[in-house]
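A quick write-up on the structure given underneath.
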Amino acid sequence: MVTGTAPPLPSYTCRQPPFSRDGRSRGVSTMAVRVPNHALVLALVVVLSTAHDVASATESSSHTRSAEGTSGGNAPSTVSLVGCGCAPSRSSTGSLEGCACQPPPPSACPPPPPPPPPPPAPACPPPPPPPPPACPPPPPPVCPPPGPAPEPEPWDFENEKLRALYPVIHAFKQTITSDPLGVTATWVGKDICASHRNGTSYKGFYCDFPPDANTTLTVASIDFNGFHLCAPTLAGFIDAFPDLALFHANSNNFSGDLPDLTHLRYFYELDLSNNAFSGSFPAAVPPLGGLLFLDLRFNGFAGEVPPPVFGISVEALFLNNNGFSGRIPDTFGSTTAQYLVVANNRFTGPIPRSIFNVSGTLSEVLFLNNDFSGCLPYEIGLVEGLTVFDAGGNRIRGPIPLSFGCLADVDALNLASNQLYGHVPDVLCLLYKTGKLTNLSLSDNYFHSVGYHCLELVRSRVMDVRRNCIPGFPGQRPPIECALFYADPRNHCPFIPHIPCDLPGFKPPAIAALPDGKGVVHGYGEGSGGGN
């Protein structure tokens, strides 16, 4: 047994093989190993033998992997202790401590190159996509349009009268060429009298019970006002409603001849205003003796108005804004109208003196904007109850008759733009205080003076006397123009110095008698008695 302190062990160096796995050379790595003395020889032999075998195997393996790498193969990666050898070091400890195999250092390969940059954008942008088609085809309908409503059966109607009117309405519907408001779209089904029950079908048709059949509902009136319908004729339509009482068609585009309506025993109102009728006065109108309302204004009628028209027992007669011409017949005095308008036509001749016959009936009469001539009739002042008299825009001559002072109910009196002359009578201006006068227009005539009470009306602008011949008043005609007018005897009319009524607070001035009943002072004289 050996005792005492063991001598120091010799040191050996652990060297790695000269090549790494990929065949590249490596540096020498050394480690200090201490081994005991009694095993020194044996360990040295084993280590050297092992190192020789490992070096041979490593070299062979290195060549093999080099060949595989050349051919493109991928060798498996393994961890090995091959090449780990221990060499004696000069340490005095004689230990194997520190003799260990270290993993090979990381590969010295350079990092992979960065990816290539993206290709540069083309110089020109790609062309835009083609535009969509201007009008894509419409999609197919989800459901086919509904077919026409089935025709009602005869037994579907309330009574025989309505069943007979159904084909009349629908035949007229087929002739309508324009319906901008879609009125005829409501003319469907069997309920012709829907309006009687606050329904919406058959717009424009209104039902009631006729006097001779108070249990049978039928169409009593047709009101197409403002519908803007267009049809070439009304014949075969309104004359096919036996119980029709009124037909109103203001503001449409109807034309053609008016059918015979004399067999309509209840008919009393006819309004064809603002349509496209033309030609002579409709021959179907004068026989309608029971007519109470007749409106033919704003059409294209022309020619003379037949005398029987003024014999119709109407309450309102509107013939204005047409092309009627000729004289108004003397039957004018037999009219029963309260409102009579013949304005904006081409009537000629004098205003009929028979106008006094409408006293107590006529309330408003408009003759303006025609071509009436002759003297201003004295008889106008005899029309009691007259509230509006308008004869402006004509060629009526003469002085204002004193009878006009009797128009106690007149509210508006227009005699402007005529050929009237002389003195504006004070009795007329007194109507502003004693009567109902609020508007008196005498402009554009040839008056040379006004009454005392007329001055107040001029100041308050109730009376307009511009463009006359009144000295000292503003806006008058040139003196030479007035002198030439008064010098022409054709402009003179007789003057009647008589007031046919009692005027409160007025005493007529004394009038000196003219020798032989003749005299001409500013056209005042005997003349032909009536101004016609």
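The values are calculated or read from the model by the stated rules, or taken from the named source; none is laboratory data. The shown structure was predicted, so the numbers you read here are calculated from the model rather than taken from an experiment. We place every Cβ from the backbone using ideal geometry, glycine too, and count neighbours over all the protein chains shown. These area figures cover heavy atoms from the full protein model, side chains too; ligands, DNA and RNA do not enter into them. Shrake-Rupley method; radii C 1.70, N 1.55, O 1.52, S 1.80 Å.
Here are some notes:
- So residue 326, is it in a loop (DSSP other than H, G, I, E, B) and either open to solvent by less than 20 Å² (accessible area, probe 1.4 Å) or closer than 30 Å to residue 212 by Cα (or both): no
- Top-ranked residue of the stretch 276-307 - restricted to ones that are open to solvent by 40 Å² or more (accessible area, probe 1.4 Å) and under 15 Å from residue 261 (Cβ atoms), ranked as modelled with the lowest pLDDT: 289
- Counting the residues of the stretch 140-185 that are within 27 Å of the chain's Cα centre (by Cα) and either open to solvent by 60 Å² or more (accessible area, probe 1.4 Å) or modelled with pLDDT under 95 (or both) gives 4.
- Enumeration of residues in the stretch 261-271 that are among the hydrophobic types (A, V, I, L, M, F, W, C) and either farther than 15 Å from residue 314 by Cα or touching a residue at least 40 places away in the same chain (Cβ under 8 Å) (or both): 261, 264
- Number of positions in the stretch 465-486 that are acidic (Asp, Glu) and loosely packed, with under 12 Cβ neighbours inside 10 Å: 0
- Taken together, the residues in the stretch 152-185 that are under 16 Å from residue 236 (Cα atoms) and part of a loop (DSSP other than H, G, I, E, B) amount to 1.
- Criterion violated by residue 519 - all others in (1) at pLDDT 90 or above; (2) out of contact with any helix residue (DSSP H, G or I) (no Cβ under 9 Å at 6 or more places or on another chain); (3) of a type outside the set (A, V, I, L, M) satisfied: (1)
- For beta carbons closer than 8 Å, sequence separation of 6+ or different chains, a first residue in the stretch 418-434 that is more than 15 Å from residue 403 (Cα to Cα) and a second that is assigned to a helix (DSSP H, G or I) and charged (D, E, K, R), the qualifying pairs are 432/456.
- For residue 195: the one exception among (1) over 15 Å from residue 168 (Cα atoms); (2) in a loop (DSSP other than H, G, I, E, B); (3) modelled with pLDDT under 95: (2)
- On the stretch given as the stretch 441-464, residues that are touching an Asp or Glu at 6+ places or on another chain (Cβ under 8 Å), open to solvent by less than 10 Å² (accessible area, probe 1.4 Å) and more than 17 Å from residue 411 (Cα to Cα) total 1.
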